[in-house]
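The values are calculated or read from the model by the stated rules, or taken from the named source; none is laboratory data. Values in this document were obtained by computation on a predicted structure and should not be read as measured data. As a convention, Cβ positions derive from the backbone with ideal geometry for all residues, glycine included, and neighbour counts pool all protein chains shown. The protein model used for the area step is the full one, side chains on, heavy atoms only, and it has no ligands, DNA or RNA in it. Shrake-Rupley method; radii C 1.70, N 1.55, O 1.52, S 1.80 Å.
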Amino acid sequence: MRILYGVQGTGNGHITRARLLCSALKQQGIQVDVLMSGREGEMPDVPEFGRYRKVKGVSFHHKGGRVNKWATFHDLSLRQFAQDVKALDLSSYDLLINDFEPVSAWAAKQRGVDSLSISHQAAFLHDIPTKEMGFWNRRLVRNFAPCKYNLGVHWADFKQTIVPPLVETLENISNNGKVLVYLPFESLHQILPLLKRFTGHQFVCFHPEIKHPVSDGNIQLQPISRNEFLDNLRACAGVFCNAGFELPSEAMAAGKKLLVKPLFGQFEQVTNAYTLQSLGLAHVAESLEPYQLDSWLQMDQAEPVYYPNVAELLATYIKNDQWQNLEAMAKDMWQQVSYPAASQLLMANIMSDRAPSAESLTKVKVSG
């Protein structure tokens, strides 16, 4: 069996999820080739991908903690996009797995190749709680990277065809009292003055603008490094990050208390933030104001969320050619998930209001 894996390169969450699933698929003896688009600047070295192909795709630009829609539109080249779709040869592949990557998705759609979306964005194709999504964002999610089969990834199933997060199992979890900070969509000029106010706390800050490790008072500044980041995630007391999907999932699995600051103008992050808050899994910082960080720093350590090895389970279903039965896969995985007691109560209240019909599901709103 040979699979093409299309990965959206904007942000590191898509890459983290694809890295885990690619590794699991290869362990099953499946040949996997990777195509990445939407990545600006230097391309990441991902050993699990091997030698992978890069195309332009669509990049989402940001400025000052918000999506820059003008810069995103200005950078868009429909002619180049159409050329990349036409040039992509899928004749030797049995299946496309797609994580919100538009070039491979549209190529598979045009050529009639089976395609399976495994992404957080695919969850928004179902009737789940959302915030500030709106008509155009719904159209974007449905048409940006369309696939024949769609398997959403989320923190709860909301009685839909959704699987739990794909997270790396971390061993030797400890608590050194430090706070891990990863806010790549915010400027260091905004982050550092905020952290320096809290002299009684130690912070480890990873950011794309940092090129070399350096200490600045109560802050350790670190360039982006996956291994260094995971070491600090294992050892920290809590995580302060943007409201993406993968890092909050990893933090919860490691039992770290979590504060998220959504990238406003990006409905996915806004929805993520308030979904986490509604499920009692994180707190939300609307802005980089000191009082929001101060109240969170005083909170106790969180309890971990237990997730099964979703990547391994997915790879097994795909190897055995049982992946089309999405509902069975999802049910199998959720039976193995365990939440903290407080989150179980909040989730039970949300789910008790949800009937299996699509009409009733759209009535549930995320608080915030």
Around Ala18: net Lys/Arg minus Asp/Glu count, Cβ-Cβ under 11 Å: -2
Residue among Trp136, Trp296, Trp323 with the largest mean-square fluctuation in a Gaussian network model of the chain, springs linking Cα atoms under 10 Å: Trp136
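For the cross-link pairs Lys159/Lys331; Lys109/Lys319; Lys26/Lys148; Lys56/Lys86; Lys26/Lys256; Lys109/Lys131, which exceed 19 Å when the distance is taken from alpha carbon to alpha carbon?
Values: Lys159/Lys331 10 Å; Lys109/Lys319 22 Å; Lys26/Lys148 23 Å; Lys56/Lys86 14 Å; Lys26/Lys256 31 Å; Lys109/Lys131 29 Å.
Flagged as over cut-off: Lys109/Lys319; Lys26/Lys148; Lys26/Lys256; Lys109/Lys131.
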Nearest 10 degrees, 0 to 90: helix 226-235 Cα axis against the chain principal axis: 50
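Give the ranking of Val163, Val113 by solvent-accessible surface, highest area first, calculated with a 1.4 Å probe. Mind dumping the intermediate values first?
On the way: Val163 0, Val113 30 Å².
Ranking Val163, Val113 by accessible area, largest first, yields Val113, Val163.
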Surface accessible to a 1.4 Å probe, per residue, for the residues of the stretch 217-342, Å²: 38
Per residue accessible area of the stretch 113-214, 1.4 Å probe, in Å²: 45
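Of all beta bridges DSSP finds with both residues in the stretch 151-301, what is the antiparallel percent, to the nearest 5?
Values: 3 of 24 bridges.
That works out to approximately 10 percent antiparallel.
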Solvent-accessible area of Lys131 with every protein chain in place, 1.4 Å probe, in Å² to the nearest 10: 40
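Which percent of the accessible heavy-atom area of the chain goes to carbon and sulfur, probe 1.4 angstrom?
Working: 8210 of 16770 Å².
With neighbouring chains kept in place, the figure for the chain is 49 percent.
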For Lys148, solvent-accessible area (1.4 Å; no DNA, RNA or ligand), Å²: 130
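Would you work out the relative contact order for the chain, in percent, from Cα pairs under 8 angstrom that are 6 or more residues apart? Walk me through the numbers on the way to the answer.
Details: 716 pairs, mean separation 58.0, N = 368.
Taking the mean separation of contacting Cα pairs over the length of the chain, I get 16 percent.
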Share, in percent, of DSSP beta bridges within the chain that are antiparallel, nearest 5: 10
Accessible area of Ser295 in the full protein assembly, 1.4 Å probe (Å², nearest 10): 60
